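Inspection log for the structure reproduced underneath, given as structure tokens.
The values are calculated or read from the model by the stated rules, or taken from the named source; none is laboratory data. These numbers come from a predicted model, not from an experiment. No Cβ is skipped: glycine too gets one built from the backbone with ideal geometry, and neighbour counts run over all protein chains shown.
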Amino acid sequence: MSPLELDPPAGDVVRNGEVESGFYPGELRRILSLEAHETAYREIGSWPDYAPTPLHRLSGLAERADLGGLWYKDESGRFGIGSFKSLGGAYGVFRVLEARIRMALESGAVSPTGGTDRSRRATGRDRVPGRPRGEHRRPSPGKDLAVTSDQLRSGAYGELVAAITVTCASAGNHGRSVAWGAQQFGCDCVVYVPAGTEDARVEAISQHGARVVRVDGGYDAALARVSEDARDDEDRIVVSDTAYDGHTEVPRVVMQGYTVLAREVLAQLPTGVRPTHVFLQAGVGGFAAAVTAHLWEALGPDRPRVAVVEAADADCLRRSARRGRRVELEETPRTEMGGLACRAPSRLAWPVLRRGAHWFMAVGDGTSRAAARALADPAGDDPALAAGPSGAAGLAAALSGSVHRPSREILELEGDARVLVVGTEGPPGR
């Protein structure tokens, strides 16, 4: 079997001097926790067409990289959206709609049994004498105010929900997930994308009924435009996957949705087998932090070692680790790995990764392409798999780090290393 030919990791592999051993720190549970995960899992697991995505053992590729085992979690088919992002963005949409409806229920503006739909307004049912039509009794103390995703999919609270617009900035996958969630639950959606976003990614967002706005500049420019346009509109709600000043609660919810895939992995691995290493790609770091936190809290001191992987031109987390503080890049990143082209770490993700990640590293576009080719042209009995540039980044780092001895030594990749990677997206537009 032929050896792998890949470029070495881009620049230094930074060993994190701040990483902690032992059990998951209690203060990080305010960001991500198994308790909040259970809430996310119960909700997402109840959605139509929910099913765990496959975990493939790539024995042929592991042999070529001289690894004891290699597992690839393939997110390209998640809910038909093409990436892991559907776990976070759509879950965030549901939670912000749920919160808005509960406020209306508690104020008495809508009824717990149907909202302000046309049939209720026409019949005047539940109307309080002396109040204008459309106003309802405030629910009595103890009244069940549960709002379910099934209700929203069936059109309950339809007029209230239809008046809401969810919005976000995205290089593709998060916007597609938010748009899909809005389509599922009945609200409008506007997604702002960097000017250079591929047409296939824009089309994938638009097909779910969202309006797409191109913004001059990169992801950060799109994010600034989202905040500006939503600032004075109470019916426009930002569902961002990155936390920034004044916007932390929704990104926390989005990140918690990502932990569902980590739960699936632990259930899918062979009995008694746990990875020694996990390579997690990162843009702002939300996905990497979510998986790191879940594995850390679930497995404690026996958790795998984590390598955070960035695009070579978008290494804000690696630079932050090197300096011991959160760092913003000065230039807009230019990379084929559009999902990783971010200038600044999320304010929620960075505290988790600062304490939970063992290494920070980067790969070039060519290395990511080579990893995607290795998936598509499998070794031995491995299945043929398809991944987009960002989706293959974690695998690219694992393979590149394993075949270049200096990196292999830093990453402590012995011949019996058991490596987990996540294929976070399929080919763009698929």
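Listed residues THR259, THR242, THR248; which is of a type in the set (S, T, N, Q), out of contact with any strand residue (DSSP E or B) (no Cβ under 7 Å at 6 or more places or on another chain) and within 23 Å of PRO333 (Cα to Cα)? The match here is THR242. If a residue has to be within 19 Å of the chain's Cα centre (by Cα) and either in a loop (DSSP other than H, G, I, E, B) or surrounded by fewer than 20 Cβ atoms within 10 Å (Cβ to Cβ) (or both) to count, how many in segment 391-410 make the cut? Final tally of qualifying residues: 2.
What number goes with the only condition from (1) buried (at least 21 other Cβ atoms within 10 Å of the Cβ); (2) within 29 Å of THR167 (Cβ to Cβ); (3) at pLDDT 95 or above that ASP241 does not pass? All conditions are met except number (3). Condition test on GLU264, is it among the acidic types (Asp, Glu) and assigned by TED's automatic domain parsing to the domain that holds ARG343? For GLU264, the condition - among the acidic types (Asp, Glu) and assigned by TED's automatic domain parsing to the domain that holds ARG343 - is met. Yes or no: THR116 in contact with a Phe, Trp or Tyr (Cβ under 9 Å, 6 or more places away or on another chain) and either in a loop (DSSP other than H, G, I, E, B) or at pLDDT 95 or above (or both)? When the stated conditions are applied, THR116 passes them. A search for C-beta distances below 9 Å between a residue of segment 394-417 that is in contact (Cβ under 8 Å) with a residue 40 or more places away in the chain and any residue that is assigned to a helix (DSSP H, G or I) and aromatic (Phe, Trp, Tyr), counting only pairs 6+ apart in sequence or on different chains, returns nothing. Of all residues in segment 76-105, those satisfying the criterion of being outside any helix (DSSP H, G or I) and crowded, with 24+ Cβ neighbours inside 10 Å are ILE81, GLY82, SER83, GLY88.
Within segment 1-59, being of a type in the set (Ser, Thr, Tyr) and surrounded by 12 or more Cβ atoms within 10 Å (Cβ to Cβ) holds for TYR24, SER33, THR39, TYR41, TYR50, THR53, SER59.
Name the residues in segment 148-201 that are touching a Pro at 6+ places or on another chain (Cβ under 7 Å) and of a type in the set (Lys, Arg), would you? Passing the criteria: only ARG201.
Only residues that are at pLDDT below 95, over 24 Å from SER400 (Cβ atoms) and touching a helix residue (DSSP H, G or I) at 6+ places or on another chain (Cβ under 9 Å) were counted across segment 260-287, and they come to 0.
The residue of segment 403-430 that is nearest to GLY172 (Cα to Cα), among those that are of a type in the set (A, V, I, L, M) and at pLDDT 95 or above, is VAL422.
Tell me, yes or no, whether segment 188-211 has at least one residue that is in contact (Cβ under 8 Å) with a residue 24 or more places away in the chain, buried (at least 18 other Cβ atoms within 10 Å of the Cβ) and more than 30 Å from ARG334 (Cβ to Cβ). Yes - at least one qualifying residue is present in segment 188-211.
One residue stands out in segment 173-216 among those that are polar (S, T, N, Q), out of contact with any His (no Cβ under 6 Å at 6 or more places or on another chain) and modelled with pLDDT of 90 or more: the one that is nearest to PRO389 (Cα to Cα), namely SER177.
Applying the criterion of being of a type in the set (Ser, Thr, Tyr) and over 19 Å from ARG354 (Cβ atoms) to the residues of segment 267-317, the residue that is surrounded by the most Cβ atoms within 10 Å (Cβ to Cβ) is THR276. Taking segment 290-390 and the helices (runs of 4 or more DSSP H) fully enclosed by it, the elements with 1 or more residues that are aliphatic (A, V, I, L, M) and touching an Asp or Glu at 6+ places or on another chain (Cβ under 9 Å) are at 316-323, 365-376.
VAL193 meets the conditions (1) of a type in the set (A, V, I, L, M); (2) in a strand (DSSP E or B); (3) over 20 Å from GLY88 (Cα atoms) in every case but one. The failed one is (3). Of all the criteria given as (1) touching a Cys at 6+ places or on another chain (Cβ under 8 Å); (2) in contact (Cβ under 8 Å) with a residue 60 or more places away in the chain, the one not satisfied by ARG236 is (1). Only residues that are crowded, with 17+ Cβ neighbours inside 10 Å and of a type in the set (D, E, K, R) were counted across segment 212-221, and they come to 1.
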